[in-house]
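The values are calculated or read from the model by the stated rules, or taken from the named source; none is laboratory data. On a predicted model such as this, the values are computed, not experimentally measured, just so you know. When we count neighbours, we look across all protein chains shown, and the Cβ atoms used for this are built from the backbone with ideal geometry, even at glycine. Quick note on the areas: whole protein, heavy atoms, side chains included, nothing else; ligands and nucleic acids left out. Shrake-Rupley method; radii C 1.70, N 1.55, O 1.52, S 1.80 Å.
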Amino acid sequence: MKMIKKSLAMVSVFALALATTAITAEDALENENAEIVEPRIVDGVPADVVAKEQEIEAAIAAGNPASGQEIAAGVCAGCHGADGNSMIPNFPSLAGQHPEYLLKQLMEFKAEEGETAVRNSAAMTPMVAALSKEDMANLADFYASQKPAPGNAAGDKDLLTLGKILYHGGNIENGVPACASCHGPTGTGIPPRYPALAGQHADYTLNQLDLFNKGERTNDNKVMQDVLTRMSGAEKRAVSAYIQGMR
């Protein structure tokens with residue numbers, strides 16, 4: 001609690017600027033005409049990244065959600081829910097996620113012969129081993145077509161307040177950018193690079209932040225690693241809790 005209050009004090013002065021430079025998720029939903037600061041897009045994207053994104057877009061365009069639903073029922077539903085709304089905090093909800101992002105993750109979970117998967121996971125790498133890229137595209141299209149369940153806030157008031165400030169305004173003292181700058185003020189993300197976050201389980205989000213921070217997850221062109229070197233444990237917990245409550 002002391003760490004949370006200290007972090008709140010450190011960023012409270014910056015919160016005064018939020019009224020003019022950003023809006024909360026609730027404000028954005030209530031006023032569609034409100035001015036929103038446009039998220040930043042990373043310039044100078046490597047050619048191989050662009051080529052992969054084009055490959056993914058083509059696969060998504062050819063995807064079959066009905067076939068994806070059949071695969072999901074047999075392979076994925078136990079952890080991620082029949083409709084992509086996971087009931088298990090350690091496993092992410094996938095419903096409504098951008099199909100391009102989902103396909104990229106599935107492809108990077110899969111280990112090529114004799115190599116370690118780009119996003120190596122003891123849970124997911126074995127699950128995708130038998131899936132073709134077509135199967136993965138079908139899955140991505142199916143989950144993207146599903147309606148995400150509303151998020152439920154988790155945590156005490158101080159934790160959620162800190163998380164809200166960090167998400168929408170960052171921490172200027174430590175150079176932590178606002179999560180909203182890439183994931184959007186309402187947590188809807190920007191495909192194909194930045195996933196939707198609104199309503200995601202706090203436990204899953206915090207675990208991914210820790211993996212990025214420790215360098216155990218590196219499939220994001222180092223964007224998240226650079227951010228997380230500046231975030232405290234209390235800040236990671238706070239923003240994870242706030243994200244879970246976004247709708």
| Under the condition of being hydrophobic (A, V, I, L, M, F, W, C) and in contact (Cβ under 8 Å) with a residue 60 or more places away in the chain, which residue from the stretch 89-120 is surrounded by the fewest Cβ atoms within 10 Å (Cβ to Cβ)? | VAL118
| field | MET224 vs. criteria at pLDDT 95 or above, closer than 19 Å to ALA180 by Cβ and in a loop (DSSP other than H, G, I, E, B) | value | no
| field | the stretch 76-88: number of residues that are open to solvent by 60 Å² or more (accessible area, probe 1.4 Å) and closer than 23 Å to LEU209 by Cα | value | 2
| task | Select, from ALA129, ALA73, ALA140, the only residue that is surrounded by 15 or more Cβ atoms within 10 Å (Cβ to Cβ) and modelled with pLDDT of 95 or more. | result | ALA140
